[in-house]
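Please read the structure below before turning to the comments.
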Protein chains: 2
Amino acid sequence: MSNTVISTRVRLARNLKDYPFPCKLGEQGREQIINSVRKAITESHSAIADDFDFIRMSELDPRQSVSLVEKRLCSPEFISETQGRALLLSKDESLSIMINEEDHIRLQVIKRGLALDEAYDTADKLDTLLDENLSFAYDEKLGYLTQCPTNLGTGMRASVMLHLPALEKSRAISRIAGNLSKLGLTIRGAHGEGTEPQGALYQLSNQVTLGISEKAAVENLKNITLQLVAQEEQARERLCGSIEVQDTISRSLGILRYAKVMEHEEALKLLSNVRLGVESGQITDITCEQIDSLMTAVEPATLSVTLQKNLSPHERDIERAKLIQNKLKISQQ
Amino acid sequence: MSNTVISTRVRLARNLKDYPFPCKLGEQGREQIINSVRKAITESHSAIADDFDFIRMSELDPRQSVSLVEKRLCSPEFISETQGRALLLSKDESLSIMINEEDHIRLQVIKRGLALDEAYDTADKLDTLLDENLSFAYDEKLGYLTQCPTNLGTGMRASVMLHLPALEKSRAISRIAGNLSKLGLTIRGAHGEGTEPQGALYQLSNQVTLGISEKAAVENLKNITLQLVAQEEQARERLCGSIEVQDTISRSLGILRYAKVMEHEEALKLLSNVRLGVESGQITDITCEQIDSLMTAVEPATLSVTLQKNLSPHERDIERAKLIQNKLKISQQ
């Protein structure tokens with residue numbers, strides 16, 4: 001299995017019976033939700049709930065909040081208003097539960113690579129655990145009730161993060177995006193709606209939550225993902241035979257290893273090129289995992305949080321270059 | 001002494017008495033000149049004339065001729081018409097004698113670094129050797145007679161090749177060029193008149209040959225060179241403190257070490273940046289000598305001659321990148 005799929009994410013939206021949705025909920029009501037969910041996890045004594053940290057969003061400084069978004073552990077909406085919101089986060093950051101986002105509960109599982117079944121199973125376990133201690137708003141006909149009707153039903157969104165440099169460079173992406181929407185799927189730049197795709201990272205997710213089972217939705221997404229990966233691999237074969245592309249890939253690595261100042265956007269572009277080089281076998285002394293972890297580490301707020309410093313944009317560009325140089329050091333054998 | 005001065009060149013123009021200038025000379029006459037000069041050298045049994053190769057220009061293929069120009073061993077004019085022209089060239093390429101260029105004899109001495117006195121002494125010895133065996137066209141009042149009046153008198157042109165990245169980047173060069181002309185000196189891009197300076201290489205030379213002794217001309221050039229070097233060094237100090245300049249320097253090295261395709265102009269630009277990095281102490285694992293020899297080696301025709309292959313421009317760009325990568329390899333200690 002190639003590394004074209006960087007990660008898999010399954011998210012479930014749940015709400016508690018007898019409470020209005022968070023937007024209609026006062027301070028006290030939100031606090032009750034937070035406490036109920038927290039208790040359901042921390043007092044469950046279940047293995048899966050063992051290592052969660054409880055974070056009140058109002059107690060984070062802005063860099064820390066933004067870093068959580070950069071790592072895709074929170075939505076941008078979640079940190080835009082911090083009062084009456086909390087996050088349960090597992091130590092390895094693979095499990096997270098946003099409390100009082102759009103819905104009372106948004107639980108999320110992230111796994112490396114293509115792992116839809118595993119991610120769904122884990123999400124399902126966490127869901128069962130919560131369900132045992134809480135009463136979810138559920139309708140026999142509609143399924144789980146959510147604030148936004150697009151989440152009604154399963155309340156599930158499953159997605160994969162894809163690295164599609166070859167389909168992007170050959171401009172096949174927009175045609176593919178059109179076809180996918182007919183299949184109930186959406187593909188968009190990994191940095192969210194309305195942004196330019198950076199680093200050739202794309203998020204493919206299911207859109208339909210009503211009238212389809214979780215299993216069927218996951219199966220559908222898995223099949224389409226495999227087709228997309230095959231298309232990307234074909235496009236890469238054509239692309240990477242060209243010396244110009246090999247030149248671009250190799251120069252990208254050279255610049256990453258030598259630059260003293262680097263902006264975020266450039267870093268993502270170069271890392272994406274190097275990732276293509278690793279996948280095509282041109283670059284052998286770096287792994288995709290190194291690149292993927294750097295792609296997150298170079299994000300502005302995450303960089304500041306890691307360094308525990310308030311940095312000006314220019315200082316950040318210098319620190320980013322240092323970090324990259326350090327992480328991509330030529331190993332002394 | 002800094003490496004701002006890359007090389008020193010002294011050239012003497014001489015003509016044989018009783019012969020018209022080459023442009024007025026038929027095939028037979030040119031042949032006589034060639035034979036006389038050749039004999040004067042090869043039969044002199046002088047140490048200095050020991051290791052000269054005799055090259056008939058008509059026997060070289062075009063790549064070889066152009067490569068001689070790229071190495072500054074011939075003038076472009078000299079190779080534009082090859083019939084009745086020959087070159088005497090020492091094995092180390094530091095001494096050369098063009099026969100039947102504009103004048104019957106153009107002898108040239110090249111030395112590394114700033115070495116005007118040494119270069120003049122060597123040229124003078126070679127001149128004396130020729131003078132012993134040939135009769136030069138000389139006028140008591142005018143001095144040596146040359147085809148072009150600008151060479152009348154000493155027939156000498158002394159020049160230094162300078163690397164002036166800081167004066168170039170700070171745009172001080174054009175002001176300096178204006179002042180130099182008032183002092184009887186000319187500064188211009190190393191790739192000759194009417195071309196854009198490449199690689200921040202500049203040639204500073206004396207223009208006055210009449211009414212001034214060789215020694216005085218050499219002294220004048222030396223003093224101005226030292227002043228220019230001091231100005232360049234000051235400008236570098238200001239420039240190289242900036243992280244942006246350090247970034248440019250370091251990225252240039254990265255690209256040189258990683259590119260798979262590289263055009264001549266880009267190579268010169270990047271090598272110039274790296275040379276600045278070596279001189280400012282930022283880059284420590286490369287020497288100026290390495291850079292200087294690369295600056296010649298990457299020239300299009302020289303590259304083809306070195307590889308003994310006829311290369312298309314695109315193949316040449318690939319070979320150029322390979323050569324650079326090889327020469328700038330990180331040493332395994």
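Quick notes
- Just one of the listed residues (B:Glu214, B:Glu279) is in the same structural domain as B:Lys327 (by TED's automatic domain parsing) and either modelled with pLDDT under 95 or under 24 Å from B:Asp292 (Cα atoms) (or both), and it is B:Glu279.
Here is a yes/no grid of residues against (1) of a type outside the set (D, E, K, R); (2) in contact with a helix residue (DSSP H, G or I) (Cβ under 8 Å, 6 or more places away or on another chain):
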{"position": "B:Thr4", "(1), (2)": "yes, yes"}
{"position": "B:Arg14", "(1), (2)": "no, yes"}
{"position": "B:Asp18", "(1), (2)": "no, no"}
{"position": "B:Arg30", "(1), (2)": "no, yes"}
{"position": "B:Ala47", "(1), (2)": "yes, no"}
{"position": "B:Asp50", "(1), (2)": "no, no"}
{"position": "B:Met57", "(1), (2)": "yes, yes"}
{"position": "B:Lys71", "(1), (2)": "no, yes"}
{"position": "B:Ser75", "(1), (2)": "yes, yes"}
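- 1 or more residues more than 25 Å from the chain's Cα centre (by Cα): qualifying helices (runs of 4 or more DSSP H) within region A:183-289: A:214-240, A:243-258
- Filter pass, B:Ala119 being at negative phi, out of contact with any helix residue (DSSP H, G or I) (no Cβ under 6 Å at 6 or more places or on another chain) and modelled with pLDDT under 95: no
- Breaking point among (1) part of a loop (DSSP other than H, G, I, E, B); (2) at negative phi; (3) more than 20 Å from the chain's Cα centre (by Cα), for B:Ile33: (1)
- Annotation: A:Asn223 fulfils all but one of (1) over 20 Å from A:Val5 (Cα atoms); (2) open to solvent by 60 Å² or more (accessible area, probe 1.4 Å); (3) away from chain B (no Cβ under 14 Å); the unmet one is (1).
- The listed residue being away from every other protein chain (no Cβ under 14 Å), crowded, with 17+ Cβ neighbours inside 10 Å and within 23 Å of A:Met295 (Cα to Cα), out of A:Arg257, A:Arg236, A:Arg251: A:Arg236
- Identity of the residue in region B:44-61, at pLDDT 90 or above and out of contact with any Ser or Thr (no Cβ under 9 Å at 6 or more places or on another chain), that ends up farthest from B:Leu130 (Cα to Cα): B:Asp61
- Condition check for A:Gly277: in contact with a helix residue (DSSP H, G or I) (Cβ under 7 Å, 6 or more places away or on another chain) and either open to solvent by less than 70 Å² (accessible area, probe 1.4 Å) or within 12 Å of another protein chain (Cβ to nearest Cβ) (or both): yes
- Selection status of A:Phe21, assigned by TED's automatic domain parsing to the domain that holds A:Val229, within 26 Å of A:Gln207 (Cα to Cα) and not acidic (Asp, Glu): yes
- Long-range neighbours under 6 Å by Cβ, at least six apart or interchain, first residue of a type outside the set (Gly, Ala, Ser) within region A:169-180, second outside any helix (DSSP H, G or I) and loosely packed, with under 15 Cβ neighbours inside 10 Å: none
- Exclusive hit being assigned by TED's automatic domain parsing to the domain that holds B:Met156 and either loosely packed, with under 15 Cβ neighbours inside 10 Å or over 30 Å from B:Ser272 (Cα atoms) (or both), set B:Leu60, B:Leu89: B:Leu60
- Residue count for region A:149-179, restricted to those that are of a type in the set (A, V, I, L, M), modelled with pLDDT of 90 or more and assigned to a helix (DSSP H, G or I): 2
- Note on region A:302-333: among residues that are polar (S, T, N, Q), part of a helix (DSSP H, G or I) and surrounded by fewer than 18 Cβ atoms within 10 Å (Cβ to Cβ), the one that is nearest to the other protein chains (Cβ to nearest Cβ) is A:Gln325.
- Scanning region B:260-274 for residues that are open to solvent by 40 Å² or more (accessible area, probe 1.4 Å) and either of a type in the set (A, V, I, L, M) or away from chain A (no Cβ under 13 Å) (or both) turns up B:Glu265, B:Lys269.
- Residue ID - nearest to B:Ser213 (Cα to Cα), chosen from residues in region B:113-164 that are of a type in the set (Ser, Thr, Tyr) and crowded, with 21+ Cβ neighbours inside 10 Å: B:Thr154
- Residue within region B:165-184 that is within 18 Å of B:Glu214 (Cα to Cα) and either surrounded by fewer than 18 Cβ atoms within 10 Å (Cβ to Cβ) or not assigned by TED's automatic domain parsing to the domain that holds B:Leu210 (or both) present: yes
- Any hit, region A:203-211, residues being open to solvent by 30 Å² or more (accessible area, probe 1.4 Å), at pLDDT below 90 and on the phi > 0 side of the Ramachandran plot: yes
- So A:Lys260, is it touching a residue at least 12 places away in the same chain (Cβ under 8 Å), farther than 28 Å from A:Val10 by Cα, in contact with a helix residue (DSSP H, G or I) (Cβ under 8 Å, 6 or more places away or on another chain) and basic (Lys, Arg): yes
The values are calculated or read from the model by the stated rules, or taken from the named source; none is laboratory data. Since the model is a prediction, treat every value here as computed from it, not as a measurement. We place every Cβ from the backbone using ideal geometry, glycine too, and count neighbours over all the protein chains shown. SASA here: full protein model, heavy atoms, side chains in, ligands and nucleic acids out. Shrake-Rupley method; radii C 1.70, N 1.55, O 1.52, S 1.80 Å.
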